[in-house]
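Read the structure below first, then the notes.
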Amino acid sequence: MAEPGLNLPSLPPERLLGALRALLAAKGLASPAEIAERIAATDAASPAQGARMVAKAWTDPDYRALMLADGTEAALSLGIPMRGAPPLGVLEDTPALHHLVCCTLCSCYPRAVLGYPPFWYKSAGYRARAVRDPRGLLAEWGTVLPPGTKIRVVDSTADYRWMVLPLRPAGTAELSEVALAALVRETDMIGVTLPM
Amino acid sequence: MTARLAPGALVRVRDDWPETRGKVHIRTPHYLRGRTGRVVRHLGDFPNPEDLAFARPARILPLYHVLFDQPPIWHEGSAGDEILVEIYEPWLSPA
Amino acid sequence: MDLETPRAHHDLGGAPKYFCQGIDKEAHALTDFDKEVDAIRQALGAKKIMTVDELRRGIESLPEADYHRLSYYQRWLCSIADNLLARGVITEAELAAALASEP
């Protein structure tokens, strides 16, 4: 930040937002209507979308294969708008391998599929700890992996956005796809918890 | 644009610190500099974020997923655990 | 790992100061401010006025104390303003005038 006259970080944020809102509208760069439309579209994305993908992958081997080969296409095929979003990568958990997603440099997250990232995902504590002590981090959520399962921490540093395809919990063979989707939480698709 | 590194290739991340030489935007985390890992796969080709960040023309670069062992990078980590990171080709050399 | 490296302050993997912190797992719902900033960023990105890379660079250039003091979307807002000024999309005079007009 090197603006001589204006120290941007010291400005009251609401005032700065109001000023930019007015300028962008006046210049035809972002109208209030467009901003409202984008807010609504972003609000429509939520972990429920990812949960639908996971549940379908659990029940449909062809969809699982598609999800792993081309996550973006898999999302689009379920009607999830990807609107020029970055490529979606899907990380397949196995009994021997558990994934944990983070972004140590900022907060990269598969927003188009899962919605806004949770507050904790963006925090300095999470970003610092995920790569250095992932098992301790999982313990913050009470998650303990079975013996013999290794953790692979995925640091989202570039053009992909990553979500976990977790293991289907035991005892769910009778559940419908809709019921399965209801089991899948945001935390499961980041990897701090296991679906139950 | 040919990706030069094959899946399974052992690679070393450059032990370089452009941060010390001026204003930069680097997407290779500090904890990987000078570390050795293994290429999992070529993820595709993308414009160099180090240039995009300054609105400069950006070369298209191969991007790889590279796998590292937790220790020795972090002694708090458990042996057998891993870190998987997207890294652009110029930061990697055969180890 | 010896962390006496010249890492940039946003490059937080394993950072000693934050690595031992407990995690605040509260949901902290997004405010109207947050959502509007996010939407503005999307609009500017879609119109190729500012890339995600420029957004990140602007955030990283915040002084370390400001980086940790400001909220997540307050950082975004500072970066957006910085990038719009740097690209000449708005001038400092325009911004100053717009700020003065704000209640």
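Each reported figure results from applying straightforward, stated rules to the coordinates on display, with no laboratory input. Note that the coordinates shown come from a computational prediction; the quantities given were computed from them, not determined experimentally. Neighbour counts are summed over all protein chains in view; Cβ atoms, including those assigned to glycine, are modelled from backbone coordinates with ideal geometry.
The figures follow:
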{"quantity": "Given (1) touching a Pro at 6+ places or on another chain (Cβ under 9 Å); (2) on the phi > 0 side of the Ramachandran plot, number of the condition B:Gly8 does not satisfy", "calculated": "(1)"}
{"quantity": "Output for the stretch A:22-52, where each listed residue is more than 9 Å from chain C (Cβ to nearest Cβ), among the hydrophobic types (A, V, I, L, M, F, W, C) and not in a helix (DSSP H, G or I)", "calculated": "A:Ala45"}
{"quantity": "Pair list, Cβ under 8 Å, 6 or more apart: the stretch B:48-68 residue closer than 13 Å to B:Leu5 by Cα and touching a residue at least 12 places away in the same chain (Cβ under 8 Å), other residue of a type in the set (Phe, Trp, Tyr) and in a strand (DSSP E or B)", "calculated": "B:Leu61/B:Phe46; B:Leu61/B:Tyr88; B:Pro62/B:Tyr88; B:Leu63/B:Phe46; B:Leu63/B:Tyr88; B:Tyr64/B:Tyr88"}
{"quantity": "Of residues in the stretch A:120-174 being out of contact with any helix residue (DSSP H, G or I) (no Cβ under 8 Å at 6 or more places or on another chain) and hydrophobic (A, V, I, L, M, F, W, C), the one farthest from the other protein chains (Cβ to nearest Cβ)", "calculated": "A:Ala173"}
{"quantity": "Selection from the stretch A:91-128 of residues that are touching a Cys at 6+ places or on another chain (Cβ under 8 Å) and buried (at least 24 other Cβ atoms within 10 Å of the Cβ)", "calculated": "A:Tyr126, A:Arg127"}
